Amino acid sequence: MVLPSFQYHLFNAPLTLDFDVEPRYASLPNIMKAKKKPVEKLTPADLGVDYTPRLETLKVSEPPQRVGGGKVSSVDELVAKLKEAGITAV
């Protein structure tokens with residue numbers, strides 16, 4: 001028995017994927033089944049989890065009060081106020 005010879009051609013082709021995924025909503029029968037299932041309550045000790053705090057709070061304080069701004073009537077006045085504040089252009 002003689003097998004036919006095949007030729008293979010490899011080429012690069014662009015591949016586009018469309019992920020239009022709809023969320024899966026629970027059906028009414030499955031919701032009713034879930035209501036009948038008992039809920040097992042576990043404590044962290046049951047799971048072997050240590051939840052003691054690892055950080056120490058040193059100080060808590062409120063931020064300083066904000067100072068209101070002012071309006072300027074022209075660009076020249078804005079530039080003068082910026083120079084007074086010590087802000088310069090790069």
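Of the residues that sit in region 45-90 and are exposed (fewer than 10 other Cβ atoms within 10 Å of the Cβ) and assigned to a helix (DSSP H, G or I), which one is nearest to the chain's Cα centre (by Cα)?
LEU47
Would you please list the contacts, defined by Cβ atoms under 8 Å and residues six or more apart or on different chains, that run from a residue in region 22-38 that is among the small types (Gly, Ala, Ser) to a residue that is assigned to a loop (DSSP other than H, G, I, E, B)?
Between residues of region 22-38 that are among the small types (Gly, Ala, Ser) and residues that are assigned to a loop (DSSP other than H, G, I, E, B), the close pairs are ALA34/ALA26.
Rule-based calculations on the coordinates, nothing more; no lab input. Just so we're clear, the structure is a prediction, and the values are computed from it rather than from any experiment. Virtual Cβ from ideal backbone geometry, glycine too; neighbours counted across all protein chains shown.
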